[in-house]
Each structure stands twice: as structure tokens, then as C-alpha cells.
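The values are calculated or read from the model by the stated rules, or taken from the named source; none is laboratory data. Everything numeric in this text was worked out from a predicted model, so none of it was measured. Backbone-built Cβ (ideal geometry, glycine too); neighbour counts: all protein chains shown. The protein model used for the area step is the full one, side chains on, heavy atoms only, and it has no ligands, DNA or RNA in it. Shrake-Rupley method; radii C 1.70, N 1.55, O 1.52, S 1.80 Å.
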Amino acid sequence: MTHPVDQNPTAPAPASHTSTEPGAGVVPQFAAPPPSRARRRYAVAGTGHRAGMYVAALTGEHADVGEIVAWLDPNPARIGYYDAQVGAELGLGGPAGLPRHAPDGLERMVAEQRVDVVIVTSLDRTHADLVDRALRAGADVVVEKPLTIDADGCRRITRAVADTGRDVVMTFNYRYAPRNSTLRQIITSGAIGEVTSVHFEWALDTVHGADYFRRWHRDKANSGGLLIHKASHHFDLINWWLGDTPARVYASGALRFYGDQNAAERGLGERPERGTGAHGDPFSLDLRADPRLDALYLQAEQHDGYRRDQDPFAPGVTIEDNMAVLVDYRRGARLSYSLNAHSPWEGYRVTVNGTAGRAELEVVERGFIELDPSGNAVLDPSATPLGARDPLRPEGERLIVQRHWERPEEVPIPAGIGGHGGGDAILLKDVFRRDLRIGPDPLARAADYRDGLRAVAVGIAANRSLLTGGPVTIDDLDLGTDI
């Protein structure tokens, strides 16, 4: 495949998304597979848009080490979309015709298709069930974040790993983004001394942020809320940067912008029932405007009734859009974290304070959202005739380190390849070729289920804190193992 398919179409696509020339030392070295090495057999469980990155990898760059042999999803139209894609990539002149299975047929699928690895890209609430059953059926697992959404899911997965001894790979792609791995290098080098505190602010704009309130994520029973679904990425980064384990969490949050009650209080008036067919509404998403969304969702509605383009101000939103979290780490560092899902720009700021100085990372992924003459949101302002980059908030990234009694110094950030800050393509090499890696990764970017547990542990504790109003000790969550 020639085009990246990893990103949600509403997410920013910065320059690194299409970069093909990485900076020196960014991509690990891998040996060529020996001629006698059989390709691993993969099944894809969950054929929404997230599956696209893995399908592209296994029909493209990594087709020499792996192949897709089966699909698992309750929706035949979504399976059909990817099966046709695989057929086209393999030059078959039609669909690949790979075996199709409903979720209750996972065990039969693993046995009949001799599946080595199940790739789990399904709804978050289904992760624990699918991971557990895949492991017990005799397959390893690659799972998209989050690992699971609650303590029961954590216990189920840890029991399955202990009982089977099989492998679970977490795909934390933000670790592989050069801006984030460069910050880890700064911290582990001791340049700013021992870390005492971290502040992490993430801003989702009113296109990408709103998308979590259009989809199944809007129901906390499906996603665990943004403190699980989105922030597990961020909590993993902090755990990884610090090389430490979260111990105690306090959180505060609320639904302040999206949802029907907020819309009524602000006098928004009558809203379109769905985005497709709506005109002049910057909060609407027309599925017909994106061929992939049209095929995967609009043309698939007849099978399960799921609408990908719900109004973010409609009833039924049970997740928060403003969150603040305090975390104590075992070695003494403190984290203050905030997430806002209705910002006019998208990106993040990280400040790391140490006993010898301070590091600051600022990333602008989309500087502003432009409206076209009809009042619809323009997802990529740089692609419009109006000009695009805002001089006050240009898209880009900058890492500054300042030691005590010294001037600040900007640290160069090498280029990456692929989406999510230039990290996706590097992650995929580790996912599909890690046994061929030449030498260890000094950054320890590959993540397993314990990393997944540490990341969701913060969100699970934060959700409990929202309910109780008090701090939550992570050891009290009983996640099934010592994280």
C-alpha cells in the first residue's frame, strides 16, 4: 500500500505522517529472515479503521514474515472491505476469500486456520475477552491500546498469561515517535538530574476531540472513557520516560462541552441527528466524504445498526471531556496531567523537572481548524488554497533542555516515518520482526502486557477516584499481578 491508513481521518496528519527518510539511528536494524523461516499466520479480530494499519503492513512491507489467514468480526461488510483490499494487494483479481468468523468462533478459527497470532483491534470492552480466549486457544496476541478497560479485564488477562505462558504485545506507537524517544534519552542520560515532577497537557481539537463523542467511545461502558481509551497512551509515555511505576492517583473530571445537556445550556438549538447529509455544521462528520469511512461504516450499518457519525451533542454521552489527574510514582516523582477534548488547536506540552534542570517538549499537531465557505470543518488547513500555517501557532515540535545556571538549549529531534509523530512504521517493524532485531533497543520501546497494565492502571484508578472523590492506591485495585 502506498498511503498510510493508520490515522483516524479526523486526526491531524503532520509532515511526519508521510515522511519516508528517517533520521540517523531512529529505525532499529533488523536481519533478513532466513529462507527456512515460515511466515507467521495472523488473524485480525476487529475490522474497523484501526485494523487498516496492520492489514497494510502484512500485505506490504512485512508480507515476507507474516500473512493474514482469517478475519473475526460480527459485521460482514467490514470484513468484506479488508478482504477485497488483501485480494487487490495480492493481485488476485478479486477478494482474497479468507475465512470469516464471528466472535464466538475464535477458538475454532485459531484451530482450523493454525493461527499463530491474533491481532486485536476491536472495541475496547471486548479486549480482555478476546485476549484471554486467544491465548488459551494457543495463539499469541498483538493488542491495540488500551489493554482493557477495567480491573476485571486486567485480572482476566494476567491469569491467561500466567496459565498459558504465551505472548502479548502492546502497540504503544507513541513510544516510537522520535520526539518522545528523544525526551526519554534526555531523562535517562541524567542531563536534568533525578526527576521530581512532570506536567503533561494534552489538547484535542473540536474535530478530533469531537470524534470520540460521535462513536462508540461516547459510552463509558465501551471505552472506559478518555482516561482509558486516549490517556493510556499518555500514561504509558510517562511511565516509560520515568522508568517508574504509578502508585497513587487522584482525579477530577466532568462532561462540560459535549452532550445534550451542555448543548441546551449554551442554546445550540436543534441539531442534526447525524453528520452524514448535514451541511454547514463544523461538528458534523459526513461519512461519504471519506471512501474508507463510507465503506467501513455507512455501507455496513445495515448489518448492526452502528452509526459512526452520531451528533456529539446528542443524548447518550457518558464520558468526560475535561479531566485532571495527579499521580504519585513509587520513586517519588509527581505527575499533573490534563486532557481537554474541545480545544481550538491540537497537540501537547510536557514539562519534566529534575534536580539538575528542566526539559520541555511542545508539539503542535494542528494549529487551528479552518471552516470552508459552507461552514464545514477543513481537516487539513495546509491543503487549502487559503494558505494554511498560522504564524502564531505553526505546526511543529520543539524540545528544550535547560540546566540550572545555564542558558536553554534546543535539542534536535530526528525525523520519523509514518503516522503518530513518525512512530507507526517503526513500531510495526518491532511488532512483526522483533525476533530479527540486531541487538537490543537502548530505548526499550517494545511493550508487553505489563506495560499495558501500568498504563490502564492509572486510568482505572482515575475513574474510581471520579466516583469516590478521593485518592486511589493502585495496589488496592488488585489487577492480578504486581505491576
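Data table
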quantity: Count of the stretch 258-271 residues which are open to solvent by less than 40 Å² (accessible area, probe 1.4 Å) and in a loop (DSSP other than H, G, I, E, B); calculated: 2
quantity: Residue among Gly280, Gly316 that alone is touching a Ser or Thr at 6+ places or on another chain (Cβ under 6 Å), surrounded by fewer than 18 Cβ atoms within 10 Å (Cβ to Cβ) and more than 27 Å from Leu479 (Cβ to Cβ); calculated: Gly280
quantity: Members of the stretch 135-154 found to be in contact with an Asp or Glu (Cβ under 7 Å, 6 or more places away or on another chain) and either among the aromatic types (Phe, Trp, Tyr) or more than 14 Å from Val118 (Cβ to Cβ) (or both), listed by number; calculated: Pro146, Ile149, Ala151
quantity: Which numbered condition Leu226 misses (of (1) at positive phi; (2) in contact (Cβ under 8 Å) with a residue 24 or more places away in the chain); calculated: (1)
quantity: Positions within the stretch 334-349 being among the charged types (D, E, K, R) and open to solvent by 40 Å² or more (accessible area, probe 1.4 Å), in sequence order; calculated: Arg334, Arg349
quantity: Exclusive hit being touching a strand residue (DSSP E or B) at 6+ places or on another chain (Cβ under 7 Å) and on the phi > 0 side of the Ramachandran plot, set Gly480, Gly396, Gly452, Gly469; calculated: Gly396
quantity: Residue count for the stretch 299-345, restricted to those that are assigned to a loop (DSSP other than H, G, I, E, B) and under 20 Å from Ala221 (Cα atoms); calculated: 16
quantity: Restricting the stretch 350-369 to residues that are more than 21 Å from the chain's Cα centre (by Cα) and open to solvent by 20 Å² or more (accessible area, probe 1.4 Å), the residue that is nearest to Arg393 (Cα to Cα); calculated: Phe368
quantity: Boolean, Val86 is on the phi < 0 side of the Ramachandran plot, surrounded by 16 or more Cβ atoms within 10 Å (Cβ to Cβ) and in a helix (DSSP H, G or I); calculated: yes
quantity: Matching residues, the stretch 230-256, being open to solvent by less than 40 Å² (accessible area, probe 1.4 Å), hydrophobic (A, V, I, L, M, F, W, C) and either more than 19 Å from Ile319 (Cβ to Cβ) or not in a strand (DSSP E or B) (or both); calculated: Ala231, Phe235, Leu237, Ile238, Trp240, Trp241, Leu242, Ala247
quantity: Selection within the stretch 100-122 - surrounded by fewer than 16 Cβ atoms within 10 Å (Cβ to Cβ), on the phi < 0 side of the Ramachandran plot and part of a loop (DSSP other than H, G, I, E, B); calculated: Ala102
quantity: Where a residue in the stretch 170-191 is at positive phi and its partner, wherever it lies, is outside any helix (DSSP H, G or I) and open to solvent by 10 Å² or more (accessible area, probe 1.4 Å), with Cβ under 8 Å and at least six apart; calculated: Gly190/Ala356
quantity: Positions within the stretch 210-229 being of a type in the set (Gly, Ala, Ser) and either in a helix (DSSP H, G or I) or under 20 Å from Tyr449 (Cβ atoms) (or both), in sequence order; calculated: Ala210, Ala221, Ser223, Gly224
quantity: Identity of the residue in the stretch 434-450, without any contact (Cβ under 8 Å) to a residue 40 or more places away in the chain and exposed (fewer than 13 other Cβ atoms within 10 Å of the Cβ), that ends up farthest from Gly66 (Cα to Cα); calculated: Pro442
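Yes or no, residue by residue, for (1) modelled with pLDDT of 95 or more; (2) farther than 24 Å from Arg358 by Cα; (3) open to solvent by 10 Å² or more (accessible area, probe 1.4 Å):
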site: Glu395; (1), (2), (3): no, no, yes
site: Arg407; (1), (2), (3): yes, no, yes
site: Gly419; (1), (2), (3): no, yes, no
site: Phe432; (1), (2), (3): yes, yes, no
site: Gly452; (1), (2), (3): yes, yes, no
site: Ala457; (1), (2), (3): yes, yes, no
site: Ala462; (1), (2), (3): yes, yes, no
site: Gly470; (1), (2), (3): yes, yes, yes
site: Asp482; (1), (2), (3): no, yes, yes
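For (1) at pLDDT 95 or above; (2) part of a helix (DSSP H, G or I); (3) surrounded by 15 or more Cβ atoms within 10 Å (Cβ to Cβ), each residue gets a yes or a no:
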site	(1), (2), (3)
Gly25	no, no, no
Pro34	no, no, no
Tyr54	yes, yes, yes
Pro95	yes, no, yes
